[in-house]
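Notes follow once the structure below has been shown.
The values are calculated or read from the model by the stated rules, or taken from the named source; none is laboratory data. Values in this document were obtained by computation on a predicted structure and should not be read as measured data. Every residue, glycine as well, gets a Cβ built from its backbone with ideal geometry; the counts of neighbours run over all protein chains shown. Surface areas here come from the heavy atoms of the whole protein model, side chains and all, with no ligands, DNA or RNA. Shrake-Rupley method; radii C 1.70, N 1.55, O 1.52, S 1.80 Å.
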Amino acid sequence: MLSWPNVLDGIQSALAPRGPHADYVATLSWIMFRAGALIFFLVVVLAALATFYPHRTRPWLGGRSAIVIGGIAFPVVTLTALLVYGLVGARALVTFDPPALRIEVIGESWWWRVHYLNASGSADLVAANEIRIPVGVPVEFVLKSADVIHSFWVPSLAGKLDMIPGHVNSYRFAAERAGIYRGQCAEFCGAQHAKMAFFVVAMARQEFDAWYGEQARPAAEPAVALQQQGRALFLSNGCGACHTVRGTPADGIIGPDLTHVGGRRSIGAGIFPNNVGTLAGWISSAQHLKPGNLMPSFGNLRGDELRAIAAYLESLK
Ligand code: CUA
């Protein structure tokens, strides 16, 4: 596995496309950038000619044919060509075949609720802030919002698509190779907008199916005394009012489902690596680390209690 990723190594870059959707976006961007640079250069040359050339050549630049060719014909031809290229390329990304997988992602302030949908469109599996997909097949993303406008964006895999309250947007994209890609909310949605990230993990189909089967199971039983103590504290401190841990009385739906939280790469919606230390820190100081989010800081818990709860959560692979 890779170490805790940073955004510079290409896991979150529209300039390093890793799927057909992002490829198309990158190609179109480069065409526009190069053609734009060329046209800018041409305009600078013409401006220089108009300014510095001898008087007798200047009337040509202000003449009728220069205006018709440069001011009307050229923009019409180039912009039409760009439009046609854009539409044809975008059309190639649209398919009406049944998708290999449908995943509903709901933008919340400031995290991502993830539902893996079954054939009838209801949630088969509930997760948060991390999306696993099989490599090489187009996955349909059904995007919604629970509160304000968010925008779903995995730069290495696809363009942005807004998540709008009361409206459903959807698109499909694929990852062409296994890997970990970082996504980021791309629409200002409040104070912690910048701390609204997630990871997409693309895995070989077999590996994905095995993972999916594991996720469908209820939470693992605590194996050691510390974890048992952690589960008791988790339940007695009311964590279950907001969080679900399947197989325990915790069935809250306000916050992320924690049934398999220990298997995720990050906590706090992509902002900290997931380990006992960061989990304990998050429980005691969520309001300090991400002010305004719905998770209260449990500053009343002692260090040993925090460690026990964190050890329990970390064990929920
Ligand atoms: Cu959600 Cu910005």
Item to check | Positive dipole terminus of region 129-199, leading residue within A197, N169, G179 (C-beta point charges) | outcome: G179
Item to check | Sum of -39500 (n - 2.57) over DSSP H runs of 4+, divided by residues of the chain (222 nm, nearest 500) | outcome: -11000 deg cm²/dmol
Checklist entry - Using Cα pairs under 8 angstrom and six or more residues apart, how large is the relative contact order of the chain, in percent? => result 16 percent
Item to check | Positive-end extreme of charge dipole, the chain - chosen from W282, G107, A92 (charges on Cβ) | outcome: A92
Next on the checklist: Considering only protein heavy atoms and a probe of 1.4 Å, how much of the accessible area of region 90-137 is carbon and sulfur, as a whole percent?
Outcome noted: 55 percent
Item to check | Nearest-10 value in Å² for the accessible area of L79, using the 1.4 Å probe | outcome: 110 Å²
Checklist outcome for this item: Of every Cα-Cα pair in region 14-107, the percentage lying beyond 16 Å is 72 percent
Next on the checklist: Kirkwood hydrodynamic radius, computed over distinct alpha-carbon pairs, for the chain: how many Å, to one decimal?
Outcome noted: 22.4 Å
Checklist entry - Cα-Cα pairs above 19 Å in region 111-182: how many percent? => result 35 percent
Checklist outcome for this item: Taking Cα pairs closer than 8 Å and at least 6 residues apart, the relative contact order of region 249-297 in percent is 24 percent
Checklist entry - Could you work out Rg/(2.2 N^0.38 Å) for region 235-312, with Rg from alpha carbons only? => result 1.01
Checklist entry - DSSP beta bridges in the chain, what fraction antiparallel, as a percent rounded to 5? => result 70 percent
Checklist entry - With charges set only on the Cβ (+1 for Lys and Arg, -1 for Asp and Glu), what does the dipole of region 66-161 come to about its Cα centre, in debye to the nearest 20? => result 220 debye
Item to check | region 141-211: C-alpha gyration tensor shape, a/c 1.5 cut-off, then a/b vs b/c | outcome: prolate
Item to check | Three-way shape call for region 169-308 based on the alpha-carbon gyration tensor, with the a/c threshold at 1.5 | outcome: oblate
Checklist entry - How would M32, M295 rank on accessible area, largest to smallest, probe 1.4 Å? => result M32, M295
Item to check | Exposure ranking of L101, L83 by accessible area [1.4 Å probe, largest first] | outcome: L83, L101
